[in-house]
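Notes to accompany the following structure.
The values are calculated or read from the model by the stated rules, or taken from the named source; none is laboratory data. Predicted model, so just to flag it, every value in this text is computed and none were measured. With ideal geometry, Cβ positions are generated from the backbone for all residues, glycine too; neighbour counts draw on all protein chains shown. Remember, those area values only see protein heavy atoms, side chains included, never the ligands or the DNA or RNA. Shrake-Rupley method; radii C 1.70, N 1.55, O 1.52, S 1.80 Å.
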Amino acid sequence: MISVEAALAKVCAGFRPLDRETIAIEQALGRALAEDVASQLTHPPTAVSAMDGYAVRAADVATVPCTLTQIGESRAGLGFEGEVKSGETVRIYTGARLPEGADSIVIQENVEAVSTAIRVLETAPVGKYIRPAGLDFKAGDVLLKQGRILAARDIGLLASMNVPTISAYRKPRIAIMSTGDELVMAGQPVGPDQIINSNSYAMAAYITTLGGEPVNLGIARDTEQSLRDTLAGAKGTDLLVTIGGASVGDYDLVQSVMNQQGLDLGFYKIAMRPGKPLIFGQLHDVPVLGLPGNPVSAGVISRLFLKAAMDVMLGQDPTAEKLQSVRLGADLEANDQRQDYLRARLQPDANGELTAVPFNRQDSSMMARFAQADCLIVRAPHAAAVKKGETVSILAMNIGRVGF
Ligand code: AMP
Ligand code: MG
C-alpha cells in the first residue's frame, strides 16, 4: 500500500497542462486562463465625477455660502469642453468627465440652483467626489493571472479591459466507465438484485464542476468481453475513470482486463479509508483512475485524486489547497495504519464556533450521509485518540470553483 501523499505525487506527475484555445469571454465562465491578461484600457480613462452635482474650484467654495455662475454641463458620454474659471461652475453627473480647471465636486444636495447661478451651502475640499484617471486600473496592468478560474466578475472585468477573447486551457475530456451486473440507470425498472448506477451521475457532475467534459461510456457488465468493448470508448480522451470491479472479488475484472490490454500500472491500493483499492496507470495514451465502486469511496477518492489530475490539466497548482483546522465535536479513537477521511458536519458549538462533528457510522455505501457532510476530517495513519474540543484537520467538501 502506498501513502496518500506518495499516490497524489504520482498522479500529479502523470498529467500536464492541456493545450490552449482562444475563446470569447461570453463562453469563458468557469474556464482556466492559460496566460496572464493585461488591460487594453485605463479605467476610468480620465478624471470623472463620482456623484451628481457641480464641478467647482475648491478655493471658490472655501467660504460658504457663496454664489457661482453655471457655464455649462458635463454628462456621461458628453463632457464639457471649456474651462471652469474662478467664480464659475459646470453642472456634472456621475461618470462624466471633470472639466478643465475644476478640482472638486459639490453634490447637488448641498446647492440651491437659481436659473444660471448656484448658491453653494457646503465647502468641498480638493479631490472630493472625483475619481482620478486610472483609479481602477491602467492600460498594461496585468489584472488576471494564468490559472485563474474565471468567475462572473472576472468576465465583467475582462470586458471593461476591452479584452473580448482569452486563451484558456482546453476542457479535459474524461471518460467514465461504470462496471457491474447489478447496475441500472435512474428511471429504469429496478429488479430485486439491482441498484442504480449513481456513481456515473455523480462523477459526470463533479467533472463538470471542475471544468471538464464528461464522456459517459455506459455500464460494462462483469465479463471480460463487455469490459473490453466498453474500454475501447476511452480512446482519445484525457483520462479514463473506471468505477467498481477494482477490488479482489471474483467479478472484479477491471484490472486484469486492462492488464491484458497493456496497462502500465503506476500503483494499486492506497493506505486510506475509504477507498483502498485505487488503480492508477496508463492504458496506451490514456491515464486511468480505477475507482472502487462504493459511492462514498469513489467520491472521496475523486475529491482527492480526480481533482488533482484535473488541477494539473487546467494549469492549477494541485498542492495549493491546504487542510483547515477546526475543533472536534466528538471524541475519536486512535487511528490504524490507513489515513482516514471521516464524513462530518460543521456545526456551531455553544460559543458559535464551528466544530466538526463526525457521523457515528462511516460506511462507504452511505450516500445520504455523504450528501449531508460539510467536510472530511483527515486523520493521519496511527493518529492518537482525540477528545472533543481538540483541533483536527478538515478538507472542505463544497469547493464550487466559481461564485460571482
Ligand atoms: P465493486 O467495487 O464493483 O465491488 O463495488 C462495490 C460496491 O459498490 C458494490 O456494492 C456495488 O454494487 C457498488 N457499486 C459499484 N459500482 C457502482 C455504481 N456505478 N453506482 C453505485 N454503486 C456502485
Ligand atoms: Mg462490481
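Considering segment 142-160, and only residues there that are open to solvent by 30 Å² or more (accessible area, probe 1.4 Å), part of a helix (DSSP H, G or I) and of a type in the set (A, V, I, L, M, F, W, C), the residue that is nearest to A28 (Cα to Cα) turns out to be I155.
Taken over segment 240-278, residues that are open to solvent by 50 Å² or more (accessible area, probe 1.4 Å), within 15 Å of ligand 1 (Cβ to nearest atom) and aliphatic (A, V, I, L, M) amount to 1.
Considering every residue within segment 170-189, establish whether at least one is charged (D, E, K, R), over 28 Å from the mean Cα position of the chain (by Cα) and within 22 Å of V296 (Cα to Cα). Yes, segment 170-189 has at least one match. Of V300, V254, all but one fail to be at pLDDT 95 or above and over 30 Å from the mean Cα position of the chain (by Cα); the exception is V254. Within segment 5-35, the set of residues being part of a strand (DSSP E or B) and open to solvent by 70 Å² or more (accessible area, probe 1.4 Å) comprises R20, T22.
Remark: pairs (first residue in segment 82-110, within 14 Å of A133 (Cα to Cα); second residue in a helix (DSSP H, G or I); Cβ separation under 8 Å; 6+ apart in sequence or on different chains) = D103/A58.
When the residues of segment 112-140 are filtered to those that are surrounded by 14 or more Cβ atoms within 10 Å (Cβ to Cβ) and at positive phi, the one that is nearest to the chain's Cα centre (by Cα) is G134.
With respect to (1) within 16 Å of ligand 2 (Cβ to nearest atom); (2) open to solvent by 30 Å² or more (accessible area, probe 1.4 Å); (3) in contact (Cβ under 8 Å) with a residue 12 or more places away in the chain, the lone exception for D193 is condition (3). Name the residues in segment 314-342 that are farther than 30 Å from A34 by Cα and in contact with a helix residue (DSSP H, G or I) (Cβ under 6 Å, 6 or more places away or on another chain), would you? Scanning segment 314-342 gives Q339, Y341. Screening the candidates A298, A205, A246 for the property of being in contact with a Gly (Cβ under 9 Å, 6 or more places away or on another chain), in a helix (DSSP H, G or I), among the small types (G, A, S) and closer than 25 Å to Q362 by Cβ yields one hit, A298.
Looking across segment 249-266 at every residue that is away from ligand 2 (no atom under 16 Å from the Cβ) and touching a Gly at 6+ places or on another chain (Cβ under 8 Å), the one that is nearest to R303 (Cα to Cα) is identified as G266.
Scanning segment 279-288 for residues that are away from ligand 2 (no atom under 15 Å from the Cβ) and open to solvent by less than 40 Å² (accessible area, probe 1.4 Å) returns F280, G281, L283, V286, P287, V288. Within segment 161-175, the only residue that satisfies the criterion of being surrounded by fewer than 19 Cβ atoms within 10 Å (Cβ to Cβ) and more than 30 Å from F137 (Cα to Cα) is R173.
Taking the condition more than 16 Å from ligand 1 (Cβ to nearest atom) and either in a strand (DSSP E or B) or under 28 Å from the mean Cα position of the chain (by Cα) (or both), does T237 pass? Taking the combined requirement at face value, the residue satisfies it. Looking only at segment 211-221, decide whether some residue is within 13 Å of ligand 1 (Cβ to nearest atom), open to solvent by less than 40 Å² (accessible area, probe 1.4 Å), under 26 Å from S365 (Cβ atoms) and not in a strand (DSSP E or B). No, the conditions are met nowhere in segment 211-221.
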